[in-house]
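Input: a single structure, listed below in structure tokens.
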Amino acid sequence: MTIGTRLLTWFCGERVGTDQFGNRYYRERSGRALTRGGGRASREKRWVMYRGEPEASKVPPEWHAWLHHTNDEVPRPEARTRYPWEKEHQPNMTGTPYAYRPPGSILRGARRPRSTGDYEPWQPE
């Protein structure tokens, strides 16, 4: 976070919640009336203070929806229905030791299977 974001949070921010990754979510504290018709004046400002490295993929879907004004209600983990087929949110692991490496990947230490000989390269006529 920059010094500008920190100052905005101290002077104008109201903390509304925290997610399972420790990210803190804020909204504008001012009591100004919101105008109709769209634009910046028609909705409150919302932002996130990341815990650790600022990485947008660390934001769970319910908080992403709130940040982008898809939902007006602040997400509450206990109020959300969890289905058995749902997986826990996981941030983007690209560039880390936990990144997905498919079978045959050089980074996985494996070797690719040899070609079967059924490939024919394209030849211009």
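Just subtract the alpha-carbon distance of Thr81 and Tyr100 from 0.36 nm times their residue separation and send over the number in nm, one decimal.
Separation in residues times 0.36 nm, less the Cα-Cα distance, equals 4.0 nm.
Convex hull over the alpha-carbon atoms of the chain: what's its volume per residue in Å³?
Spelled out: Cα convex hull of the chain, divided by residues, is 271 Å³.
With r as the distance between the Cβ atoms of Gln123 and His64 and R0 = 35 Å, compute the FRET efficiency 1/(1 + (r/R0)^6) and round to 0.05. Don't skip to the answer; put the middle values down first.
On the way: r = 48 Å, r/R0 = 1.38.
Computed FRET efficiency for His64 and Gln123 comes out at 0.15.
Would you calculate, for the chain, the mean residue ellipticity at 222 nm contributed by helices, counting each DSSP H stretch of 4 or more residues as -39,500 (n - 2.57) and dividing by all residues, to the nearest 500?
Counting only the DSSP helices, I get -3500 deg cm²/dmol.
What FRET efficiency do you get for Lys45 and Glu88 if R0 is 35 Å and r is their Cβ-Cβ distance, rounded to the nearest 0.05?
0.75
For the peptides 18-25, 82-89, what is the packing order when you average, over each peptide's residues, the other Cβ atoms within 10 Å and list the highest mean first? Could you put the intermediate results ahead of the total?
Details: 18-25: 15.6, 82-89: 7.4.
The peptides rank, most packed first, as 18-25, 82-89.
Gain in length, Val74 to Thr116, computed as 0.36 nm per residue apart minus the alpha-carbon separation, to one decimal in nm?
Result for the pair: 9.6 nm of gain on full extension.
Using unit Cβ charges (K, R positive; D, E negative) and no other charged atoms, how large, in debye to the nearest 20, is the dipole of the chain about its Cα centre? Walk me through the intermediate numbers first.
Values: 22 positive and 15 negative charges, 103 e Å.
The dipole of the chain has a size of about 500 debye.
On a full-extension model of 0.36 nm per residue, what is the gain between Glu55 and Glu28, subtracting their alpha-carbon distance, rounded to one decimal in nm?
Extra length from Glu55 to Glu28 when fully extended: 7.5 nm.
Mind pulling the angle between the C-alpha long axis of helix 3-12 and the longest principal axis of the chain? Nearest 10 degrees, somewhere in 0 to 90.
40
Considering only protein heavy atoms, what per residue accessible area in square angstrom results for the chain with a 1.4 angstrom probe?
85
The values are calculated or read from the model by the stated rules, or taken from the named source; none is laboratory data. Computed from a predicted model, the values in this text were never measured in an experiment. Ideal geometry is used to build each Cβ from the backbone, glycine not excepted, and the neighbour counts take in all protein chains shown. Please note that ligands, DNA and RNA were not included when accessible areas were found on the heavy atoms of the full protein model with its side chains. Shrake-Rupley method; radii C 1.70, N 1.55, O 1.52, S 1.80 Å.
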